[in-house]
Structure formats: C-alpha cells, structure tokens
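Computed from the coordinates by the stated procedures, all read-outs in this text should not be read as laboratory data. Every value quoted in this text rests on a predicted model; they were computed, and no experiment measured them. Here the Cβ positions follow ideal geometry from the backbone for every residue, glycine too, while neighbour counts run over all protein chains shown.
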Amino acid sequence: MEYKRQRVHFGWRDLKRRRNGPEVWVLRYRETLADGSKRVPSLIVGSIEKYPTESRARTASMSLLLSINQGKTRGSSCTVRRSD
C-alpha cells in the first residue's frame, strides 16, 4: 500500500520593526515552489499593542495557518507493509 504523507505548516512568529508605528508580529513559513526552489513568505498577524505576547500572537495566527494549509498535500509517498 502506498500513502501520501500529509505535511502542514506550523510557521514561526517574529517581531518586525517598522519605521512609523509599533512593531508587528509576522507569521513566516517555508514554501516549496514548482521548480523545487524554496521561499519564506510572511503575513502580518497584528501589532504588538494588539498582541503583547508571543502566545497571543500564536493564537491569532492559527486562522492564517489554517488557510495556508487548506487543500495542500505535500511530501513523498511511502510504502506501508503489513506483517502477518
């Protein structure tokens, strides 16, 4: 039997300094493109005033992660053998 392993993004959060205004939490994740190269896109979660701790920013970024992971199947196939 051959199954395709499901891979999902968990991402990580960074604080990004801004020229004007408060720092913002940014969600970053790795993405493999069709040609095999990789990139690290980022999405703004919210300001440090709105989410003062990383745990609050993590909670807020969960909906972004769900939309990123929706409908994406990645990984390689693997063979599963049953032993009787």
TODO: Subtract the Cα-Cα distance of Ser55 and Ser42 from 0.36 nm times their separation in residues, and report this length gain in nm to one decimal.
DONE: 2.9 nm
Open item on the list: Quick check on packing: order 40-47, 54-61 by the mean number of other C-beta atoms within 10 Å, highest mean leading.
Closed with: 54-61, 40-47
- [ ] Calculate, in nm to one decimal, what Ser63 and Arg30 gain on full extension: separation in residues at 0.36 nm each, minus their alpha carbon distance.
- [x] 10.2 nm
